[in-house]
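No value in this document is a laboratory result; all are computed from the given coordinates. As the structure is a computational prediction, the values presented were derived from the model and not from experiment. Counting neighbours? That spans all protein chains shown, and the Cβs are built from the backbone with ideal geometry, glycine included.
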Amino acid sequence: MIVGAGGAGLRAAIEAAGEVNTAVISKLYPTRSHTGAAQGGMCAALANVEEDSPEWHVFDTVKGGDYLVDQPAAEIMCREAIDAVYELEHWGLPFDRTPDGKLDQRRFGGHTRNHGEAPVRRAVYAADRTGHMILQTLYQQCIKRDVRFFNEFYVLDLIMQDGACAGVVAYELATGEIHVFKAKAVLFATGGFGRIFKISSNAHALTGDGPAVCLRRGVPLEDMEFFQFHPTGIYKMGILISEAVRGEGGILLNGEGERFMERYAPTVKDLAPRDLISRAIYQEIKEGRGVEGKDYIHLQVHHLPKEVIEEKLPDVTEFARIYLGVEPTRELVPIQPTAHYAMGGIPTDVDGQVVVGPDEAPVPGLYAAGECACVSVHGANRLGTNSLLDIVVFGRRGGRHMAEYAAGAEQRELPDHPERDTAELLRRFLEGTGGDNAADIRAELQEQMSDLAGIVRTEEGLRKLQDILNGLHERYERVVVQDKGKVFNTELVETVELRFLLDISDTLVAAALARDESRGGHWRDDHPLRDDEHWLRHSLAYREPDGSVRLEFKDVKLGEYVPMERKY
Amino acid sequence: MQLELRIKRFNPEAGTEPWWDEFTVEVEPNDRLLDALHEVKWHQDGTLALRRSCAHGICGSDAMLINGQNALACKVMAKDVEPRATIEPIRGLPVLKDLIVDMEPFFEGYKRMLPWLINDEQPPDDQERLQTPEDRHRYDDTTKCILCAACTTSCPIFWGDEEYVGPAAIVNAHRFIYDSRDQGAPERLKILADRTGVFRCRTTFNCTEACPRGIKVTKAIQDVKRSILFERY
């Protein structure tokens with residue numbers, strides 16, 4: 001049973017279908033998943049247009065992740081990247097081509113030649129619709145293989161028996177019925193949870209369902225303090241403008257018209273990793289160099305040839321026109337950092353098996369892949385394009401391992417009434433007498449998380465945020481829905497999603513408070529230095545029965561690359 | 001600014017007939033119509049049902065009939081429809097609740113096109129199949145489809161004949177027929193030459209106007225018609 005029909009879930013399904021009885025269950029329709037929103041590309045050291053090697057890709061990934069990356073996992077990802085790209089091409093993915101018919105490659109932030117010398121052309125791409133093409137191609141392959149889909153079924157609980165996975169409980173949107181699915185193996189591929197923040201590039205559906213469901217069943221969440229803010233979100237809306245814009249030569253300007261990244265990252269400038277650029281933008285705005293004193297800066301592309309803008313960046317050009325009324329071939333585009341990607345998630349090994357505790361004990365039959373998982377290949381900050389790579393490489397590995405496991409495993413007995421907790425939860429919202437509104441609580445959560453746990457954090461702010469979260473949990477207990485119906489009660493769905501957002505936020509804040517250093521996407525203003533002596537460790541956040549968060553830590557798996565100062 | 005929303009409602013649990021509701025919401029000119037619908041759902045009437053996810057025109061969830069024209073609610077700006085937007089579910093598919101329709105018939109039409117790359121030759125090991133930029137460009141337009149159904153449910157032929165595969169299915173067949181790596185064109189053209197296929201199209205161009213991705217849908221359908229007539233692709 002695969003939960004989630006984005007890139008990781010579909011890739012896992014392709015691997016498992018035909019081997020074992022496989023189904024994909026998703027709260028959305030297939031092809032609605034947010035993989036489709038990924039724009040710029042997918043890195044693999046094919047060396048089609050210039051010299052490159054998987055080793056350099058590993059180095060960039062490790063350095064980009066501020067040395068919190070588990071290096072054996074990054075080596076697997078960067079090595080298998082090449083085969084993963086060819087496989088997608090063989091399945092028909094319409095990548096852009098070089099004049100001699102090979103896959104073309106473009107530059108992307110943090111990807112360099114020979115350990116940081118200069119940007120390298122490593123990302124294969126399909127205009128600025130690479131994620132869309134990956135999602136469509138994987139869905140096409142699922143149809144070809146006749147994979148079974150349960151569309152618009154929302155998984156609300158994980159069934160465990162004797163420490164092993166036995167199935168899931170799901171709510172059918174069309175009928176309001178609760179279904180119990182027995183399964184020998186379950187793989188969560190539910191994507192991210194950017195909706196804990198106010199300005200986010202994430203879809204409304206990205207509410208951390210998989211991680212939150214696992215968390216309630218005793219699985220810890222790893223490295224939750226590391227959240228990536230992408231530098232170029234459309235002002236006030238957070239819609240993503242791809243890094244490919246800068247890969248093709250776009251530049252960032254502050255309110256004074258200065259190309260400020262020359263000061264922060266003299267070598268790679270506007271192609272520095274996202275955490276660095278987002279912090280630089282934050283700093284420029286804080287020091288009064290936002291545009292007209294406001295909280296945004298400018299992205300300039302109009303110095304590029306018109307063909308490049310229209311043909312290589314058509315979607316982002318359209319976004320600027322529609323959502324900002326700006327003509328990017330002549331005008332500057334207002335942008336601000338947007339909450340984009342969770343580096344943390346459900347801890348897994350390199351075969352997608354969920355592992356708990358510092359000694360990484362596998363949970364039989366439980367798997368995770370993609371953004372909801374933490375392998376960890378992205379460490380403290382993910383490089384652009386590595387998420388598309390992550391979903392196909394680890395979706396495939398997870399699907400393969402779960403199929404092998406399920407082929408030889410017995411179905412576990414289900415506990416009595418596995419649906420009881422879910423039914424009780426839903427009944428409370430439908431029949432309760434309180435008076436609070438989920439939308440108001442969610443808006444408050446997003447506002448406060450952005451302010452106090454966003455790009456810059458402090459101990460004082462995080463402690464205040466913990467109190468605020470406690471208050472929001474209390475208010476949540478009194479939420480009642482207006483819609484009492486069974487058919488497409490999307491208000492009920494949104495209300496459950498809010499519980500997941502709240503639980504996820506608890507773990508993020510607790511882990512951010514404990515980590516008194518700055519690394520990658522986690523910046524503590526009161527501890528601005530990286531502290532390798534104490535913090536070359538992953539955090540593991542558990543939810544206790546009383547709702548509090550307990551933390552454990554496990555060492556980073558180092559490898560060839562020893563931590564160095566991170567400069568670009 | 002204020003925006004009036006007139007929304008066609010339907011709830012099978014409340015009765016067999018649809019009805020109209022009116023709401024007034026406070027929005028910014030640059031808000032999306034989807035934001036206005038959220039304002040209704042979150043603060044006025046929680047029972048309003050619609051599909052949406054990405055909110056920027058790429059997931060294809062929120063196709064609706066907006067002031068008489070199919071569009072994605074997340075790509076229509078409040079300032080472009082003020083002072084009033086009339087919103088109905090897309091037509092030709094069974095309405096399940098409010099703005100939510102049954103998408104299964106739509107996806108069935110899509111699946112009839114054998115929508116995957118057909119090529120029985122073993123691909124080269126550790127290498128891509130080659131394709132020139134010109135060959136790649138030939139089917140570029142139809143790769144943009146997000147399966148939102150805005151085109152198919154704007155087609156008067158589809159409204160009257162549920163057997164017709166509809167524009168979106170043809171767009172997705174087109175994407176493979178003109179891909180130099182694909183060998184399934186004869187099979188797909190045979191399916192599309194059938195009475196439920198391309199020749200039902202009367203070139204009203206509704207589909208092209210409705211497509212939120214700017215795909216030249218009618219042109220794609222004409223390409224396929226010509227390929228069937230002249231056995232060239």
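For region B:164-207, what number results from the quotient of the Cα radius of gyration and 2.2 N^0.38 Å?
Taking the Cα Rg and dividing by 2.2 N^0.38 Å, one obtains 1.17.
Mind listing the long-range amide H neighbours of A:L68? Cut-off is under 5 Å, sequence gap 5 or more, other chains count too, H placed in the peptide plane at 1.01 Å from N.
So A:L68 has HN proximity to A:A380.
Principal axis lengths of region A:332-474 from Cα atoms, whole Å, largest first?
In descending order, the Cα extents are 50, 48, 34 Å.
Students often get this wrong, so check it: of A:K286/A:K464; A:K63/A:K269; A:K236/A:K294, which have C-alpha atoms separated by over 18 Å?
In this structure, A:K286/A:K464 exceed 18 Å between Cα atoms.
Around B:D98, which amide H atoms from residues at least 5 apart in sequence, or from another chain, sit under 5 Å from its own amide H, with H modelled in the peptide plane?
Residues meeting the amide H criterion: B:F10, B:N11.
Could you derive backbone 3J(HN,Hα) for region A:109-117 from the dihedral phi with the Karplus parameters 6.51, -1.76 and 1.60 (θ = phi - 60°), listing whole Hz in sequence and x where the residue is Gly or Pro?
x, x, 8, 10, 8, 6, 6, x, 5
With only Lys, Arg, Asp and Glu charged, each at its Cβ (+1 for the first two, -1 for the last two), find how big the charge dipole of chain B is about the Cα centre; round to the nearest 20 debye.
700
Of the listed peptides A:17-23, A:164-170, A:186-192, A:371-377, what is their order by residue-averaged count of other C-beta atoms within 10 Å, with the highest listed first?
Going by the mean number of other Cβ atoms within 10 Å, highest first, we get A:186-192, A:371-377, A:164-170, A:17-23.
In Å and whole numbers, how far do the C-alpha atoms of region A:179-243 stretch along each principal axis, longest first?
Taking the Cα atoms of region A:179-243, the three principal extents are 45, 25, 20 Å.
Cut-off is 10 Å between beta-carbons; in what order do B:F23, B:F230 appear when sorted fewest neighbours first? Don't skip to the answer; put the middle values down first.
Working: B:F23 18, B:F230 8.
Ordered from fewest to most neighbouring Cβ atoms within 10 Å, B:F23, B:F230 come out as B:F230, B:F23.
If you place +1 on the Cβ of every Lys and Arg and -1 on the Cβ of every Asp and Glu, how big does the dipole about the Cα centre of region B:104-230 come out, in debye to the nearest 20?
The calculated dipole for region B:104-230 is roughly 580 debye.
Using only Cα atoms and rounding to the nearest 10 degrees, what angle (0 to 90) does helix B:33-43 make with the longest principal axis of chain B?
40
Just report the Cα centroid separation between region A:510-568 and region A:389-410, whole Å.
About 29 Å separates the Cα centre of region A:510-568 from the one of region A:389-410.
At a Förster distance of 51 Å, what's the computed FRET efficiency of A:D440 paired with A:E360, Cβ-Cβ distance as r, to 0.05?
Given R0 = 51 Å and the Cβ-Cβ separation, E is 0.80.
Please compute, over every Cα-Cα pair in chain B, the percentage with a separation greater than 31 angstrom.
31
Find which of B:A210, B:G15, B:Y178 sits farthest along the positive direction of the dipole of chain B, computed with +1 on the beta-carbon of Lys and Arg, -1 on that of Asp and Glu, about the Cα centre.
B:Y178
What is the set of long-range amide H partners of A:Q161 at a cut-off below 5 Å, with H atoms built 1.01 Å from backbone N?
A:A166
So how far, in whole Å, is the C-alpha centre of region A:325-379 from the one of region B:111-152?
Between the Cα centres of region A:325-379 and region B:111-152 lies a distance of 29 Å.
What's the center-to-center distance, using Cα atoms, between region A:220-294 and region B:154-178 in Å?
43
With θ taken as phi - 60° and the coefficients 6.51, -1.76 and 1.60, list the Karplus ³J(HN,Hα) couplings across region A:165-171 in order, rounded to whole Hz; mark glycine and proline as x.
Each residue's phi maps through the Karplus curve to give 7, 10, x, 9, 10, 9, 9 Hz.
Label point 7 Å out from A:E424 along Cα-to-Cβ: which residues of region A:200-228 have amide N under 16 Å?
Zone members listed by number: A:216-218.
How large is the convex hull of the C-alpha atoms of region B:70-145 per residue, in Å³?
It is 180 Å³ per residue.
Which of the peptides A:196-207, A:282-293, B:68-79, B:120-131 is most tightly packed, and how do the rest follow, judged by the mean count of other Cβ atoms within 10 Å per residue?
Numbers: A:196-207: 25.1, A:282-293: 15.4, B:68-79: 21.1, B:120-131: 12.8.
With the highest mean Cβ count within 10 Å placed first, the list reads A:196-207, B:68-79, A:282-293, B:120-131.
Percent relative contact order of region B:104-230, based on C-alpha pairs within less than 8 angstrom and at least six residues apart?
The value is 32 percent.
Counting other C-beta atoms within 10 Å, and keeping those with at most 12, which DSSP coil GluC sites (Glu not before Pro) do you find in region A:525-565?
Those that pass, being in a loop and sparsely packed, are A:E560, A:E565.
Pairs of alpha-carbon atoms within less than 8 angstrom and 6+ residues apart define the contacts here; what relative contact order does chain B have, in percent? Please list the in-between numbers first.
Values: 413 pairs, mean separation 41.9, N = 233.
Once normalised by length, the contact order is 18 percent.
Net charge near A:I14: determine it from the other residues with C-beta under 14 Å of the C-beta of A:I14, scoring Lys and Arg +1 and Asp and Glu -1. Intermediate results must be reported in sequence, preceding the final value.
On the way: positive: A:R11, A:K144, A:R145, A:R148, A:R396, A:R397, A:R400; negative: A:E15, A:E19, A:E87, A:D146.
Overall, the nearby charge balance is +3.
Net charge around B:L99, counting only other residues with Cβ within less than 10 Å of its Cβ (Lys, Arg = +1; Asp, Glu = -1)? Don't skip to the end; give the middle numbers.
Working: positive: B:K8, B:R9, B:R51, B:R52, B:K97; negative: B:D62, B:E88, B:D98.
Every neighbour counted, the sum reads +2.
Measure nothing fancy, just the Cα-based angle from helix A:420-431's long axis to the longest principal axis of chain A, in degrees from 0 to 90, nearest 10.
The two axes meet at around 80 degrees.
Quick one: helix A:71-90 against the long Cα principal axis of chain A, what's the angle to the nearest 10°, folded into 0 to 90?
Between helix and principal axis, roughly 90 degrees.
For region B:2-101, compute Rh as the Kirkwood radius over C-alpha pairs and then the Stokes-Einstein diffusion coefficient at 10 °C and 1.306 mPa s; write the answer in µm²/s, rounded to an integer.
118
I need the calculated FRET efficiency for the pair A:Q283 and A:T458, taking r as the beta carbon distance and R₀ as 22 Å, to the nearest 0.05.
That gives a FRET efficiency of 0.90.
Can you sort B:F205, B:F107 by how many other beta carbons sit within 10 Å, fewest first?
Result, fewest neighbours first: B:F205, B:F107.
Apply the Debye scattering formula to region B:104-230, with a single equal point scatterer on each alpha-carbon and no solvent, then give log10 I(q)/I(0) at q = 0.18 Å⁻¹.
Reported log10 I(q)/I(0), two decimals: -0.92.
At most 15 other Cβ atoms within 10 Å and a DSSP loop assignment: could you name the GluC sites (Glu not before Pro) in region A:77-175 that fit?
A:E117
Over chain A, what relative contact order in percent results from Cα pairs under 8 Å that are six or more residues apart?
Dividing the mean separation by the residue count of chain A yields 22 percent.
Write down Rg/Rh for region A:70-125, rounded to two decimals, with Rg from the C-alpha atoms and Rh from the Kirkwood relation over Cα pairs. If you can, show how the numbers build up before the last one.
Numbers: Rg = 12.9 Å, Rh = 12.7 Å.
Reported Rg/Rh (Cα atoms, Kirkwood Rh): 1.01.
Could the peptides B:155-163, B:136-144 be put in order, highest first, of the mean number of other beta-carbon atoms found within 10 Å of their residues?
B:136-144, B:155-163
Mind listing the phi-derived Karplus ³J(HN,Hα) values for region A:14-29, rounded to whole Hz, using 6.51, -1.76 and 1.60 with θ = phi - 60°, and x for any glycine or proline?
4, 6, 8, 5, x, 8, 9, 5, 10, 9, 10, 10, 8, 6, 10, 6
Could you work out [θ]222 nm for the protein assembly as shown from helices alone, using -39500 (n - 2.57) per DSSP H run of at least four and dividing by all its residues? Round to the nearest 500 deg cm²/dmol.
Theoretical 222 nm ellipticity from helices: -10000 deg cm²/dmol.
Give the span of region A:1-144's Cα atoms along each principal axis, as three whole-Å numbers ordered largest to smallest.
Computed over the Cα atoms, the extents are 47, 38, 26 Å.
Work from the charge dipole of region B:16-138 (Cβ charges, +1 for Lys and Arg, -1 for Asp and Glu, about the Cα centre) and give the residue of B:I90, B:G60, B:M77 farthest towards its positive end.
Of B:I90, B:G60, B:M77, it is B:I90.
Rule-of-thumb check for chain A: C-alpha Rg over 2.2 N^0.38 Å? Write down the numbers at each step before the final one.
On the way: Rg = 22.3 Å, N = 568, 2.2 N^0.38 = 24.5 Å.
Rounded to two decimals, the normalised Rg is 0.91.
Count charges around A:V354 for me, please; just the other residues with Cβ under 13 Å from its Cβ, Lys/Arg as +1, Asp/Glu as -1.
-3
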